[in-house]
Amino acid sequence: MPSYTFVLNGQSVQVDAPADMPLLWVLRDKLGVTGPKYGCGVGVCRACTSHLDGAEIQPCTVPVQNCAGRSVTTIEGLADGDQLHPVQQAWLDFDVAQCGFCQPGQIMAAVALLRRTPHPTDADIDQIQNVCRCGTYFRIREAIKQAASGS
């Protein structure tokens, strides 16, 4: 079985896995990282949203072979010790999570948006395609705006 080395949340990891194994299963089943959630398996619901070299990805559709020598960040890698990422803090400030299942993916999508567009409009925020079955979209929008403002 092939072995792949990549950086996961700032730490080098090595994993033995089939080349075509989705990164989501490597993260969850082989490395014990449970923040990215399995929702649909085809990249539509985006509950698994993470970052590869800083860009938003859906690890349910990315084979582990594509991650070799690269940097993967999940929700677990956003905080700096006890200091939450501004988007994570905004999520708490606006009480965004209801059931919480989609929230790691929502947060990772928001972080990617703010990297691309530091001061997003409502239209920019509406481009986030993550599904929230609880319907907390209004609170998500407000939290993203707070994180963007730096307050």
| message | Anything in segment 12-27 that is surrounded by fewer than 17 Cβ atoms within 10 Å (Cβ to Cβ) and under 16 Å from GLY43 (Cα atoms)? List them, or say none. | response | ASP20
| message | If I go through segment 1-50 residue by residue, how many of them are of a type in the set (Phe, Trp, Tyr) and free of Cβ contacts under 8 Å to residues at least 40 places away in the same chain? | response | 2
| From the residues in segment 12-57 that are part of a loop (DSSP other than H, G, I, E, B) and among the hydroxyl-bearing types (Ser, Thr, Tyr), which one is nearest to GLU76 (Cα to Cα)? | THR34
| task | Return yes or no: is ASP53 within 21 Å of PRO2 (Cβ to Cβ), more than 15 Å from the chain's Cα centre (by Cα) and surrounded by fewer than 20 Cβ atoms within 10 Å (Cβ to Cβ)? | result | no
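Look at HIS85 and say whether it is at pLDDT 95 or above, within 25 Å of SER149 (Cα to Cα) and in contact with a Leu (Cβ under 6 Å, 6 or more places away or on another chain). Break it down into steps so the answer makes sense when it comes.
Working: at pLDDT 95 or above: yes; within 25 Å of SER149 (Cα to Cα): yes; in contact with a Leu (Cβ under 6 Å, 6 or more places away or on another chain): yes.
Answer is yes for this residue.
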| request: Go through (1) open to solvent by less than 20 Å² (accessible area, probe 1.4 Å); (2) in contact with a Ser or Thr (Cβ under 8 Å, 6 or more places away or on another chain); (3) over 17 Å from ASP20 (Cβ atoms) and name the single condition PRO59 misses. | output: (3)
| field | Condition broken by ALA68, with the remaining ones in (1) in contact (Cβ under 8 Å) with a residue 60 or more places away in the chain; (2) open to solvent by less than 40 Å² (accessible area, probe 1.4 Å); (3) over 24 Å from ARG139 (Cβ atoms) satisfied | value | (2)
| task | Would you check which residues across segment 58-71 are out of contact with any helix residue (DSSP H, G or I) (no Cβ under 7 Å at 6 or more places or on another chain) and not in a strand (DSSP E or B) and list them? | result | GLN58, THR61, GLN65, ASN66, ALA68, GLY69, ARG70
| Can you tell me which residue in segment 3-46 is nearest to ALA109 (Cα to Cα), limited to those that are of a type in the set (A, V, I, L, M, F, W, C) and in contact with a Lys or Arg (Cβ under 8 Å, 6 or more places away or on another chain)? | VAL7
| request: Provide a single number: the residues in segment 28-38 that are farther than 18 Å from SER12 by Cα and open to solvent by 40 Å² or more (accessible area, probe 1.4 Å). | output: 2
| Looking at ASP53, ASP93, ASP124, which is the one that is free of Cβ contacts under 8 Å to residues at least 12 places away in the same chain and not aromatic (Phe, Trp, Tyr)? | ASP124
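The values are calculated or read from the model by the stated rules, or taken from the named source; none is laboratory data. Given the structure is predicted, the values throughout are model-derived calculations rather than measurements. Glycine also receives a Cβ, built like all others from the backbone with ideal geometry; neighbour counts cover every protein chain displayed. Surface accessibility is based on the protein's heavy atoms, side chains included, excluding ligands, DNA and RNA. Shrake-Rupley method; radii C 1.70, N 1.55, O 1.52, S 1.80 Å.
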